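Okay, so here's the structure we're looking at.
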Amino acid sequence: MKFLLLSLITHQPDPVSGELPDPATRLREVVDTAVLAEQLGFEGFAVGERHERPFLASAPPVVLSNIAARTTTLELWTGVTTLSLLDPVRAFEDYSTLDNLSGGRLQLMIGKGNGTAQADLFHVTPDDQWERNREGYELFRALWENETVTWNAAFRPPLTDAVTVPRPLQPRLTIWHGSATSRESVDLAARYGDPVFSANVTNPIEPYADLIDHYRERWQAYGHDPAEARVGAGTAGLYVARTSQEAVERYRPLFEQRLAFARDTGLPVVFETIEDFVDRSSALIGSPQQVVDKVLRYHERLGHEVVHLTADRGGLSTAEQRASLELFQAEVAPALRSAVPERGAAPAA
C-alpha cells in the first residue's frame, strides 16, 4: 500500500484563528507541504482541479511543476484533471512538459469534475460532460502514445497528422479514473484496462464499495484478468495523535467548520457529529492503531492499494500537522505497507 497527500488548495479562513492567508501564501504552503511529504516518506502528492471559490486549484500542472522543481522522488498526481473541461491537445502539452521536467514522475487521475463553474466558465453541462470526458480521455491517450494523430472530434476541431511536442518521457502513462458515484467513469476505466480511484469521502463506505464492485464486474466483462484490476481510495480527513480522545477533541473545530460550510453551500450533511464522522466515515482520526484498523477494514471491502490523505492543515498549526504526518509515517504506514504489499504496475491492456 502506498500513500499520497492530496490538496484541493482550499482558500478559507482558519477555523480556529479566523485568519485568511493571501493566495500567494496559500499556494506556497501547498508546495512546502509537498516537499515535507517527500522528506517524511510519502510516495506521492496530488493536486486537484477546481475553477471556483473557495479553491485555488485552477492550474494543477503549474503547481505540480513547482513541486517537481523542489523534489526528486515524489510522484506527482492530479486529483482530478477535468479533461471534460480542457482541450486535450493543450492538456497533453502541459502534462507532457511536466513529465519531462519531473523525470517521469507524473501520475494522471482524470474525472468529469463538478461545480457550477463548469457551466459558467466552460459551457460544459450535465448533458455533454460524460461524452466530453470520454473524448478527452481517448484523444489525450492517443496524443501521448503516438507521434502523429489524425482525429475527428465532436468537441474540438479535427486533427490531421497532428504532431505534438514535447514527446513525453513515459511512453505509456498510467491514467487513473477518479469517481465518487459515477458508473460511467469506472466503466470507461474498465474498458481500457485502467485503474480507478474512489473518492470515498462524503458518505459511509457502502456506495463506494458498490461502485468498486461494478468496476470489477465490468473489468472482467471487458476480458481483463481480475488479478490486474487496481483500486485507490480517498479519505475524509486525517489527524493522528497518541490517543483517540486527543485526536477527536483537537479535530472538533475542523469538523465544525466543514459542517458549517456544507450547510451554507447546500451540500448534503451526512455526519451530524464528529463522533459519527470518526465512526462511519473514511476519516482517519485517532490513535495509530485505530487508523491502521480502519484502513484495513476499508481494504477488506474495497481492495485498494493506494490511499490519499488530506495535505491541508485546516485549522491545525504547522507543528500539529507535521506531528500527525510524522506519527502516521512512523507507526501507521509501516504496518499497512506490511499488511498490503504494493504491487508493480499492471501490464498495459
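The values are calculated or read from the model by the stated rules, or taken from the named source; none is laboratory data. Please read all numbers here as calculations on a predicted model, not as lab measurements. All Cβ positions, glycine included, derive from the backbone under ideal geometry; neighbour counts span all protein chains shown. Surface accessibility is based on the protein's heavy atoms, side chains included, excluding ligands, DNA and RNA. Shrake-Rupley method; radii C 1.70, N 1.55, O 1.52, S 1.80 Å.
Of note:
- Residues of region 32-43 that turn out to be closer than 20 Å to Thr318 by Cα and either under 16 Å from the mean Cα position of the chain (by Cα) or outside any helix (DSSP H, G or I) (or both), as a count: 5
- Count of region 53-87 residues which are assigned to a helix (DSSP H, G or I), in contact with a Gly (Cβ under 9 Å, 6 or more places away or on another chain) and of a type outside the set (Gly, Ala, Ser): 1
- Looking across region 9-52, just one residue is open to solvent by less than 50 Å² (accessible area, probe 1.4 Å), within 24 Å of Arg90 (Cβ to Cβ) and free of Cβ contacts under 8 Å to residues at least 40 places away in the same chain, and that is Val31.
- Residues of region 218-234 classified as in a loop (DSSP other than H, G, I, E, B) and among the charged types (D, E, K, R), total: 2
- Hey, Phe55 among the aromatic types (Phe, Trp, Tyr), buried (at least 19 other Cβ atoms within 10 Å of the Cβ) and within 18 Å of the chain's Cα centre (by Cα) or not: no
- Residues being under 16 Å from Gln321 (Cα atoms) and out of contact with any Ser or Thr (no Cβ under 8 Å at 6 or more places or on another chain) - total across region 228-284: 9
- Applying the set (1) touching a residue at least 40 places away in the same chain (Cβ under 8 Å); (2) crowded, with 19+ Cβ neighbours inside 10 Å to Thr78 leaves exactly one unmet item: (1).
- Looking across region 249-274 at every residue that is part of a helix (DSSP H, G or I) and hydroxyl-bearing (Ser, Thr, Tyr), the one that is most open to solvent (accessible area, probe 1.4 Å) is identified as Thr265.
- Criterion (at negative phi, without any contact (Cβ under 8 Å) to a residue 12 or more places away in the chain and under 22 Å from the mean Cα position of the chain (by Cα)) met by exactly one of Asp210, Asp279: Asp210
- Output for region 1-25, where each listed residue is part of a helix (DSSP H, G or I) and either in contact with a Leu (Cβ under 7 Å, 6 or more places away or on another chain) or under 19 Å from Leu327 (Cβ atoms) (or both): Pro23
- The number of residues in region 296-320 being in contact (Cβ under 8 Å) with a residue 60 or more places away in the chain, under 18 Å from Glu29 (Cα atoms) and assigned to a helix (DSSP H, G or I) comes to 1.
- From Arg90, Arg28, residue being within 21 Å of Leu108 (Cβ to Cβ), outside any loop (DSSP other than H, G, I, E, B) and either modelled with pLDDT of 95 or more or not aliphatic (A, V, I, L, M) (or both): Arg90
- Close Cβ contacts (under 7 Å, 6 or more residues apart or on different chains) running from residues in region 195-206 that are of a type in the set (Gly, Ala, Ser) to residues that are at pLDDT below 95 comprise Ser198/Ser179; Ala199/Ser179; Ala199/Ala180.
- Arg250 being in contact with a strand residue (DSSP E or B) (Cβ under 8 Å, 6 or more places away or on another chain) and among the charged types (D, E, K, R): yes
- Counted as qualifying within region 93-198 are the strands (runs of 3 or more DSSP E) with 3 or more residues that are open to solvent by 10 Å² or more (accessible area, probe 1.4 Å), namely 148-151, 159-163.
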